């Protein structure tokens, strides 16, 4: 069974939807122009995957990660295309992962992710924007037990009129060590950029640690760029309120954690990804 | 449209220089002989010389930092590390040599002392040339003297605290300062004494390629309070100068210390400063840091909140024009429960200048119920300039509330239009908006300094419209 089959199952069926899957050291998935496609795959082989999205195509991709195999994806989004890419690492993250999106003019791209970290992991999720493109990164991550997890997010604005939002919510449990390193970069040519980064973390155990580094590098004054970061704990008043209503402390905490991540649901547009995200949240 | 208002402001007040005549100066470059010569000039105890020599070895061993601003053009072999302008410091302006006195009169230092200061120190090149503390405070046991004299006059205090907050091995420039330091202020405020008026020091580099390495040590004993003001200027030369100062501040239990700096070095000065405070139980430390001048500034005022109830408040502004890089920020280390900190940073970049905020907030595992708020705002006045924000938050305690926010933008066009429609010229409107942006900082300064700062900002803004 080659890598294509391992990851995409019966990939030939995708051809009818204008999706061509080519094997090799890198598996290449090409979506023809003006087509609409839903592509689901599992990381059951270590091959990097490259997506080439044609002009004006509409694509939804779901990527089920494996904790034992590297996760490497490059997406090249053609002009006018719209891509929603969901990274599901519910079973755990590999030691290294790298997700990069290269946008063309007027394309729109959303990274969504749900990451659970049980061991050491270090990875990147990034977007290189183009003129009038729109790129966002939304996701939640839970860092468990003794994991050491570093997530680097970059929204790189290289041309005019691009827009971006990055919103990450993270929970630190056990004796986890979690680092979130976000960067908004606006090049000198990237006038009229509108970009925002928010990083929120909650520590639910005394031994957990979190390191937040939200960075800005702005080289053009005709921009709106800002970021915010918060780190705190679950609201003790809210826990008390819920336990007064008959919930156990453990259930109360779980409810608050779901509420903390639940705000991301409002930002997820594709129904399929929203449903999957809700299901994963139910298991937190 | 109204006529443009002419503001009679000029940099001539700061950018002049006097003919260079020294009583003593070391040859260019740094080696053990230079360090021994400096120690001999100060007639220091042996333990201070030993610290200097150990620091010199550390300086040689440490590498240049690979982060931050570009320091590759600093040539340590071309710098004069010590230059003495007079035989001794005076306590009366009439006794200060005429040329030097004129320098400080042009800068407004004696006038300020008369009007609203408790004491003044004036440093010219490597040494304090004037020092006076009003009698009222001397009687209460307040010490405000030249740091060069302090090891001899107050050895117990200096031995106890010198190098404890910023050890020589902290970084390469702390090692350099510990090896060649000269001048600076030593302040001790006894228990319960509230020094109601500010103490001021003014630092002036006059000659080209001179390094200034003042060392300031402030100890506020339990329940005391003091406000220390510092101003720095230099004339413009084509050769670069180096200012590598160290400030150590110890705020003992229940004390309150405010340290205000208005830095307006000329654009050939590398301004590399290590400023750190330790705050004990219920102490409050306030850094108020204005960075307008210099070619490169790297300065991150730091407060270590060592005991419960300690508070840090850091307010900084940075203005970077053509060819300038202001790499400034703040650091707060929460080591105990119920500590709180607030950091506010405002920066402006124009004509290709670059401002970078670099900050650290660290909350240790023991620092329960710590509260932190950080806010960074930056204005970019044109498309050639750059603004960076690199804040790091390391949180090791779950019972903490940490908030950080930052924004980068240009001057709001609607505000500009509104002011112009009320009769202000574009330049006046822009100056007013900038003054409003910086108001949170200027309102913390004594009135005369606030007025002067507004003038300096207006001068920097001159020519920025259109």
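A short reminder: the numbers here are calculations on the coordinates, not readings from a lab. In this text, all values refer to a predicted model and were calculated from it rather than measured experimentally. Cβ: placed from backbone, ideal geometry, glycine included. Neighbour counts: every protein chain shown.
Relative to the longest principal axis of the Cα atoms of chain A, the long axis of helix A:249-265 lies at roughly 30 degrees.
Peptides A:80-89, B:191-200 ranked from most to least packed by the mean count of surrounding Cβ atoms within 10 Å: A:80-89, B:191-200. Counting, for every residue in B:351-362, the Cβ atoms of other protein chains within 10 Å of its Cβ and taking the mean gives 1.
Between A:151, A:197, A:255, the Gaussian network model of chain A with springs among Cα atoms under 10 angstrom shows the greatest mean-square fluctuation at A:255. The modelled label-to-label distance for the pair residue A:222/residue A:17, using points 7 Å beyond Cα in the direction of Cβ, is 4.0 nm. Shielding by partners for peptide A:202-215, expressed as the average number of C-beta atoms from other protein chains within 10 Å of each residue's C-beta, is 5. Scoring B:352-359, A:219-226, B:182-189, B:162-169 by mean Cβ neighbours within 10 Å over their residues and listing the highest first yields B:182-189, B:352-359, A:219-226, B:162-169. First measure r as the distance between the Cβ atoms of residue A:269 and residue A:152, then evaluate 1/(1 + (r/R0)^6) with R0 = 35 Å and state the FRET efficiency to the nearest 0.05. Using R0 = 35 Å, I get an efficiency of 0.90.
Each of B:287, B:137, B:47 was scored by other Cβ atoms within 10 Å of its Cβ. Arranged with the fewest first, they read B:47, B:137, B:287.
Taking the centroid of alpha carbons for each part, segment A:1-59 and segment B:269-290 are 57 Å apart.
Which of rounded, prolate, oblate describes chain A, given a ≥ b ≥ c as roots of the alpha-carbon gyration tensor eigenvalues and a/c under 1.5 marking rounded, otherwise prolate only if a/b is larger than b/c? Taking the square roots of the gyration eigenvalues as a ≥ b ≥ c, chain A is oblate. Label separation (residue A:119 vs residue B:365): 2.4 nm, computed from points 7 Å beyond Cα along the C-beta direction.
Neighbour counting of Cβ atoms within 10 Å sorts the residues A:277, B:22, fewest neighbours leading, into B:22, A:277.
For the pair residue B:40 and residue B:196, a Förster radius of 51 Å applied to the C-beta separation gives a FRET efficiency near 0.85, rounded to the nearest 0.05. Placing R0 at 35 angstrom, the Cβ-Cβ distance between residue B:60 and residue B:23 gives a FRET efficiency of 0.75 after rounding to 0.05. Counted by neighbouring Cβ atoms within 10 Å, the residues A:76, B:361 run from fewest to most as A:76, B:361. Restricting attention to segment B:368-422, close to 0% of DSSP beta bridges with both partner residues there are antiparallel.
Segment B:148-178 and segment B:412-455 have Cα centres spaced 41 Å apart.
For the protein assembly as shown, the percent of C-alpha pairs falling in each 20 Å distance bin, counted from 0 to the bin holding the largest distance, reads 16, 42, 30, 11, 1. With a 10 Å cut-off around each Cβ of B:374-383, the average count of Cβ atoms from other chains is 3.
Sorting the segments B:407-417, B:50-60 by their mean number of nearby beta carbons within 10 angstrom, highest to lowest, gives B:50-60, B:407-417.
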